[in-house]
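*Asks:* Attaching a single structure in structure tokens format; questions to follow.
The values are calculated or read from the model by the stated rules, or taken from the named source; none is laboratory data. Keep in mind it's a predicted model, so treat the numbers as computed, not measured. Methodologically, a virtual Cβ is constructed for each residue, glycine included, from the backbone with ideal geometry; neighbour enumeration extends over all protein chains shown. Accessible surface areas use protein heavy atoms only, side chains included; no ligands, DNA or RNA. Shrake-Rupley method; radii C 1.70, N 1.55, O 1.52, S 1.80 Å.
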Amino acid sequence: MNLSADSKVLLQGVMEPLGATYGPIMRACGTQVVAGVSPGYGGHCLGDIPIFDLVEQAIAAIGSIDTTVIFVEPYLALDAALEAITMGIRQLVIVTEGIPPLDMVQLLRVAEATETLVVGPNCPGIIIPGQLMLGTHPPEFYTPGCVGLISRSSSLTYEVALELSQAGLGQSISIGIGSDAIIGSSFPQWLQILDEDDRTEVIVLVGEVGGDGEEAAARYIAEAIDKPVVAYIAGRTVSIGKQASQSDTLMVMSQRLESKTGKTRAELGTAESKLAALKHARIPTARRPSEIPALVKKALKSLEKQSEPV
Amino acid sequence: MELLEYQAKALFSEIGIPILPSQRIDNPRDLKGLKIPYPVVLKSQVRTGGRGKAGGVRFVANTIDAVAAAQTIFHLPILGEYPDVILAEAKYDAEREFYLAVMLSRSVSRPVLLGSQHGGLRVEAAADEIQQVVVEYDFSPFYARRLAIKMGLTGTLIETVSDIVEKMFHLFVTYDLDLVEINPLAVSVNGGLMALDGKVTVNDDALERHPHLINLLSGGHGSPLDMPKRESPFKLKALQPNGQIAVVCSGSGLTMATLDLLSQHGAESACCLTLGRSVPTALSNTDVIPTQGSTTSTSLNTTLTNGSSPLTELGVNPPDPGSSHPAIPVPMPLVMTNVVNQLVEHLRQSILDILQSGDYRYITVVLVNILGSVITSQDVVQAIADLCNSNGFKTNGAHTGRTTKFVIRWASSQPPEVKAELQIQLGDLPIYLVDDLDEAVTKTIALAQPLTDL
């Protein structure tokens, strides 16, 4: 994986409103945005960014590309992603919202077969403060540091970053994995990456109700993650109701499965279920965003103590 | 979006999943022209569950009973939902009832096939018996066969049941469905199969690319399809009718977090307005106007290319095939002023709509917490100030005798003098700028005094 200030970045859908707005912002953050692709706009420039009709033309002109950030509209995004993978790009950040889940299933089959990293869709992407920004993170809320942030949401991630920055706790990297039903990379995958990342000392996990991602994350942290993790779950006081792809029968079935396999009796996808899973894995959990910095400081202190000579 | 049973069965019929002869009844009178021989079953067409127990399914043996039963059913709400349509269906003698479903599993990011021999009303009690097959790679009939065998089927049923599962899967991928469920799949003494009930849910994001489904969903009701509105980037959700607080946030995660904070203090929110992706889905000609934008973050420093007309209107000529990369600049500002203006206008209007709506009569405070690059805190202040100064702004005086107040969470990298200056400029408008989210929440609650304090 190559995520650094040197990464060469392509923007697909650069002439979509979101692409055209954030392309220049990404560039201003230090990202090496080397080209854009938007069929029909080939030959033009967005500021300094040359635009091509095909990914292969961009590669022919610029050379190899490490990462693409996709802003292409929902029903054309799968095609854009497949084009990128076919041309050898192995890191995709998909910002687009509203991609049909079955398109994502198709994409994931190809991504897994080619070992391509996919982030998103419907996410703010990745920011390494001071080095690069891939997506829509507002750089003004971030500052460089040692806290790694993994989140399902967009604005809530910025809120947490703001709290941390204001408390003097800068961020090593912040990843929005998206909150759609089918996403390219999961909490466990990114926990693993941050566990191995030299810049990151503490990890903050920002979750929300719906799905079982946080429960899976809690289990993974207990089993495989060495660095301290602090969590926050949004939606404690919100009722989630039935998920889209469930009937009453399937809801009952998934509850039965969960209470059989997990220690929790709480309904899958609820805040109770996630909080119980985090508690079981002994992961300190904040009750509100403003409590996160204190928990992070505590974790950093105990890291210091651990490394003190006996 | 969930299809009604008769719509789901229309899809089944198209693809060859066996269904009973049936007729759509919009009015009890329609039963006089019933083409199905008695006895028939009359079924309430609603999306809510439990219609059988609630009396929404009735067997009738003649026209008089049928008309009476239909009248009853049309006036019978099932969990609050009244049917617009009743389905009249032939009766079927089932020896056994199976359960079959195809759905998308979030945990494994793949479609899964589900089945059980314990279908019908017993299925929930026997939920442990439901078998599952994950469709790991591209679909092939053997996946359906695996399910049939896992279900414990033998002989000809293996093929006939897996054939139905294949057809369900085909519908699933053809129409971007979230769920296809047949419960019960009736099995006759001879091994014949019949889908007695069907449930189909279409993925909301994908619906627009299926004109056939849109047609099916809106056909014959007279009322237009209730599609999620995409024009406004703001989504409104009702919470507690007597709530005095309205919450406006960017992103569903932040909305939930803000609502959580209010709840933790015991406050009741009437509704929440969430800003989705803060840029419209299509660039119109008027959007492409170069300017510095209404605010610029001091840390950003980009060169702007100036041009003064949208590409299309200019009729900008394509470059010479020979030249390598002529820098015909696409005029594009750092932050498109028109986009920001549109959003500010949507924000103002959406809040005004809430305040003027009869559904939220007790709102006395609006808490706004919007974080992002495109629409900044200053833009928000502008929107609210415009709102307060507009003619359309009504106080909620009728019910509470007090003016609606606004707490705006100020999240900006601008120096503190900017906020202080702005607060002064706002004068005696009921707008409060607060840096810290926790403080914004407590301020909001303090401003929303209990009604008994009047």
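*Asks:* Kindly indicate which of B:Glu159, B:Glu97 is surrounded by 17 or more Cβ atoms within 10 Å (Cβ to Cβ) and either at pLDDT 95 or above or assigned to a strand (DSSP E or B) (or both).
*Replies:* Going through B:Glu159, B:Glu97 in turn, the sole match is B:Glu97.
Results for (1) within 14 Å of chain B (Cβ to nearest Cβ); (2) surrounded by 24 or more Cβ atoms within 10 Å (Cβ to Cβ); (3) of a type in the set (A, V, I, L, M, F, W, C), shown as yes or no for each residue.
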position	(1), (2), (3)
A:Pro129	yes, no, no
A:Glu140	yes, no, no
A:Pro144	yes, no, no
A:Ile150	yes, yes, yes
A:Tyr158	yes, yes, no
A:Ser185	yes, no, no
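*Asks:* Considering only region B:204-216, how many residues are in contact (Cβ under 8 Å) with a residue 40 or more places away in the chain and within 11 Å of another protein chain (Cβ to nearest Cβ)?
*Replies:* Final tally of qualifying residues: 2.
*Asks:* I would also like to ask the following. Looking at region B:127-144 only, could you name the residues that are in a loop (DSSP other than H, G, I, E, B) and open to solvent by less than 20 Å² (accessible area, probe 1.4 Å)?
*Replies:* Listed by number, the residues that qualify are B:Ile130, B:Val135.
*Asks:* Now a separate question. Examine region B:69-78 for a residue that is touching a helix residue (DSSP H, G or I) at 6+ places or on another chain (Cβ under 6 Å) and open to solvent by 50 Å² or more (accessible area, probe 1.4 Å), and state whether such a residue exists.
*Replies:* yes
*Asks:* In region A:12-27, which residues are free of Cβ contacts under 8 Å to residues at least 40 places away in the same chain and in a helix (DSSP H, G or I)?
*Replies:* A:Pro17, A:Ala20, A:Thr21, A:Gly23, A:Pro24, A:Arg27
*Asks:* Let me ask another. Could you please tell me which pairs satisfy a Cβ distance under 6 Å, a separation of 6+ or placement on different chains, a first residue in region A:235-256 that is on the phi > 0 side of the Ramachandran plot, and a second residue that is modelled with pLDDT of 75 or more and in a helix (DSSP H, G or I)?
*Replies:* Pairs that qualify, where the first residue is on the phi > 0 side of the Ramachandran plot and the partner is modelled with pLDDT of 75 or more and in a helix (DSSP H, G or I), are A:Gly235/A:Ala271; A:Gly235/B:Met256.
*Asks:* Restricting the search to region A:49-84, which residues are in a helix (DSSP H, G or I) and open to solvent by less than 10 Å² (accessible area, probe 1.4 Å)?
*Replies:* Listed by number, the residues that qualify are A:Val55, A:Ala58, A:Ala77, A:Ala80, A:Ala81, A:Ala84.
*Asks:* Tally the residues that are at the interface with chain B (Cβ under 9 Å from one of its Cβ atoms) and either among the aliphatic types (A, V, I, L, M) or surrounded by 23 or more Cβ atoms within 10 Å (Cβ to Cβ) (or both), restricting the search to region A:104-114.
*Replies:* 3
*Asks:* Something else about it: Any residue in region B:378-390 that is over 15 Å from B:Asp353 (Cβ atoms) sitting within a Cβ distance under 9 Å of a residue that is among the small types (Gly, Ala, Ser) and outside any helix (DSSP H, G or I)? List the pairs, counting only those 6 or more apart or interchain.
*Replies:* B:Gln378/B:Ser294; B:Gln378/B:Ser412; B:Asp379/B:Ser294; B:Gln382/B:Ser294
*Asks:* Determine whether A:Leu46 is modelled with pLDDT under 90 and either crowded, with 24+ Cβ neighbours inside 10 Å or within 11 Å of chain B (Cβ to nearest Cβ) (or both).
*Replies:* yes
*Asks:* Given (1) touching a helix residue (DSSP H, G or I) at 6+ places or on another chain (Cβ under 8 Å); (2) surrounded by 13 or more Cβ atoms within 10 Å (Cβ to Cβ); (3) more than 14 Å from chain A (Cβ to nearest Cβ), where does B:Tyr82 come up short, assuming only one miss?
*Replies:* The failed condition is (2).
*Asks:* Also: Given A:Glu97, A:Glu83, which one is within 24 Å of A:Met1 (Cβ to Cβ) and among the charged types (D, E, K, R)?
*Replies:* Of A:Glu97, A:Glu83, the one residue that is within 24 Å of A:Met1 (Cβ to Cβ) and among the charged types (D, E, K, R) is A:Glu83.
*Asks:* Could you check region A:49-66 and list, in sequence order, the residues that are in contact (Cβ under 8 Å) with a residue 40 or more places away in the chain and either of a type in the set (Gly, Ala, Ser) or away from chain B (no Cβ under 11 Å) (or both)?
*Replies:* A:Val55, A:Ala58, A:Gly63, A:Ser64, A:Ile65, A:Asp66
*Asks:* Does A:Ala224 meet the test of being open to solvent by 30 Å² or more (accessible area, probe 1.4 Å), modelled with pLDDT of 95 or more and of a type in the set (Gly, Ala, Ser)?
*Replies:* Judged against the criteria, A:Ala224 is a match.
*Asks:* Being out of contact with any Pro (no Cβ under 8 Å at 6 or more places or on another chain), modelled with pLDDT of 95 or more and either surrounded by 21 or more Cβ atoms within 10 Å (Cβ to Cβ) or assigned to a strand (DSSP E or B) (or both) is the requirement here; does B:Val102 meet it?
*Replies:* no
*Asks:* Give region B:28-59 a look and list any residue that's part of a loop (DSSP other than H, G, I, E, B) and either on the phi > 0 side of the Ramachandran plot or within 30 Å of the chain's Cα centre (by Cα) (or both), or say none.
*Replies:* Within region B:28-59, B:Gln45, B:Val46, B:Arg47, B:Thr48, B:Gly49, B:Gly50, B:Arg51, B:Gly52, B:Lys53, B:Ala54, B:Gly55, B:Gly56 meet the criteria.
*Asks:* A follow-up question, please. I'd like to verify a number: residues in region A:115-124 that are open to solvent by less than 10 Å² (accessible area, probe 1.4 Å), out of contact with any helix residue (DSSP H, G or I) (no Cβ under 7 Å at 6 or more places or on another chain) and within 12 Å of another protein chain (Cβ to nearest Cβ), how many?
*Replies:* Of the residues in that region, 1 qualify.
*Asks:* At pLDDT 80 or above and facing another protein chain (nearest Cβ under 9 Å): does that describe A:Ala216?
*Replies:* Yes, satisfied.
*Asks:* Would you mention how many residues in region B:55-68 are within 23 Å of A:Ser247 (Cα to Cα), open to solvent by less than 50 Å² (accessible area, probe 1.4 Å) and of a type outside the set (Val, Ile, Thr)?
*Replies:* 2
*Asks:* Could you check, for region A:32-39, whether at least one of its residues is more than 9 Å from every other protein chain (Cβ to nearest Cβ) and part of a loop (DSSP other than H, G, I, E, B)?
*Replies:* yes
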